[in-house]
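Below is one structure, written out as structure tokens; the observations come after it.
The values are calculated or read from the model by the stated rules, or taken from the named source; none is laboratory data. Note that the structure is a prediction, hence the values are computed from the model and not measured. Virtual Cβ from ideal backbone geometry, glycine too; neighbours counted across all protein chains shown.
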Amino acid sequence: MVAPTGFWFAYHLYKDRHRPEPALNILLTYLLGIAAGWIGLRIYGALELLDLRYDAYALAEQSSIALFAYAVLVIGPVEELVKFLPFWLVGIRFHDFDEPVDGIIYASFVALGFATYENFLYLSYVQGAELLARGFAAPLVHVMFASIWGYSCSRAQARGTSIPVAAAVGLAIAAFLHGLYDFIMIGLPPWCRPVSALLILAIWIWRMHLIRRLTAKAGAGG
């Protein structure tokens, strides 16, 4: 469970090698991401007390429409919002948060912390190959969705446009795609799962080209 997170941690440090962020900033955002995972669990607990928490797998057996609504209106928004909060309250206010690519980097480390907490929760529920697959995939999936609102905020900051508006738009897109991903994985037959992989691949390609372009522009002084 530690190795996959370590791999993605090292991967993002490598991607940020041209104008690296301070190590303490990176560590703090990662730890805040772990705290965000704990907060997310508390929110789900509060929803359960209000009879608004549902078992997604049980919903899948009862109604695909109900599962889709729960995924895009609860799971996606809750998990993206709790990841976003430490980014908004701390990450974006770092003195070194000074270029568009930083939004992706800091959002990614928050997401890695969140995925670390989530993976340890699943140690009691899954094992074997499923545990290994989840351990590797969860950090990647959370990073991809977080990159959407992370870049949206840093681009707005660089352009001098409204950051709250950009945050709302980025969060809405990320939450919907997150919910859609979970719906496909939980509510559709196994042969549909390549669609979810294609969704993550599409975000990965967008993100990869974006980071390459932004780092090249920063290196050129533009």
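Could you check the stretch 168-222 and list, in sequence order, the residues that are exposed (fewer than 12 other Cβ atoms within 10 Å of the Cβ) and either farther than 22 Å from ILE75 by Cβ or among the small types (Gly, Ala, Ser) (or both)? Within the stretch 168-222, TRP191, ILE205, MET208, HIS209, ALA216, GLY219, ALA220, GLY221, GLY222 meet the criteria. Filtered by the rule that a residue be assigned to a helix (DSSP H, G or I), touching a Pro at 6+ places or on another chain (Cβ under 7 Å) and not small (Gly, Ala, Ser), the stretch 92-123 gives VAL110, LEU112. Taken over the stretch 152-175, residues that are among the hydroxyl-bearing types (Ser, Thr, Tyr) and not in a helix (DSSP H, G or I) amount to 2.
Looking only at residues that are in a helix (DSSP H, G or I) and polar (S, T, N, Q) in the stretch 33-70, which one is farthest from ALA115 (Cα to Cα)? Going through the qualifying residues, I end up with GLN62. In this structure, THR161 does not satisfy being β-branched (Val, Ile, Thr) and closer than 24 Å to TRP38 by Cβ.
Check whether at least one residue in the stretch 71-81 is closer than 20 Å to ALA10 by Cα and assigned to a helix (DSSP H, G or I), and report yes or no.
Of the stretch 71-81, the ones closer than 20 Å to ALA10 by Cα are none.
No, the stretch 71-81 contains no residue that is closer than 20 Å to ALA10 by Cα and assigned to a helix (DSSP H, G or I).
Can you confirm whether the stretch 118-125 contains a residue that is more than 9 Å from the chain's Cα centre (by Cα) and modelled with pLDDT of 95 or more?
Scanning the stretch 118-125, I find no residue that is more than 9 Å from the chain's Cα centre (by Cα) and modelled with pLDDT of 95 or more, so the answer is no.
Close Cβ contacts (under 9 Å, 6 or more residues apart or on different chains) running from residues in the stretch 11-28 that are under 12 Å from ASP102 (Cβ atoms) to residues that are part of a loop (DSSP other than H, G, I, E, B) and among the charged types (D, E, K, R) comprise ARG19/ASP96; ARG19/ASP98; ARG19/GLU99; GLU21/ASP96; PRO22/ASP96; ASN25/ASP96; ILE26/ASP16.
Across the stretch 82-91, the qualifying residues are those that are of a type in the set (A, V, I, L, M, F, W, C) and in a helix (DSSP H, G or I), and the one among them that is farthest from GLY103 (Cα to Cα) is VAL82. Counting just the residues of the stretch 38-60 that are touching a residue at least 60 places away in the same chain (Cβ under 8 Å) and hydrophobic (A, V, I, L, M, F, W, C), which one comes out surrounded by the fewest Cβ atoms within 10 Å (Cβ to Cβ)? Across the stretch 38-60, the extreme among qualifying residues is TRP38.
Among the residues that make up the stretch 94-109, is at least one of them crowded, with 24+ Cβ neighbours inside 10 Å, touching an Asp or Glu at 6+ places or on another chain (Cβ under 6 Å) and not acidic (Asp, Glu)? Yes, the stretch 94-109 has at least one match. Looking at the stretch 66-87, which of the residues that are surrounded by 18 or more Cβ atoms within 10 Å (Cβ to Cβ) and either more than 18 Å from the chain's Cα centre (by Cα) or of a type in the set (Ser, Thr, Tyr) (or both) is farthest from ALA167 (Cα to Cα)? Taking the candidates together, the pick is LEU67.
With respect to the conditions (1) farther than 26 Å from SER154 by Cβ; (2) buried (at least 18 other Cβ atoms within 10 Å of the Cβ); (3) of a type in the set (S, T, N, Q), SER63 lacks only one, and its number is (2).
So, VAL143, is that one modelled with pLDDT of 95 or more, more than 15 Å from GLU99 (Cα to Cα) and touching a Phe, Trp or Tyr at 6+ places or on another chain (Cβ under 7 Å) or not? Break it down stepwise before answering.
Details: modelled with pLDDT of 95 or more: yes; more than 15 Å from GLU99 (Cα to Cα): yes; touching a Phe, Trp or Tyr at 6+ places or on another chain (Cβ under 7 Å): yes.
Yes.
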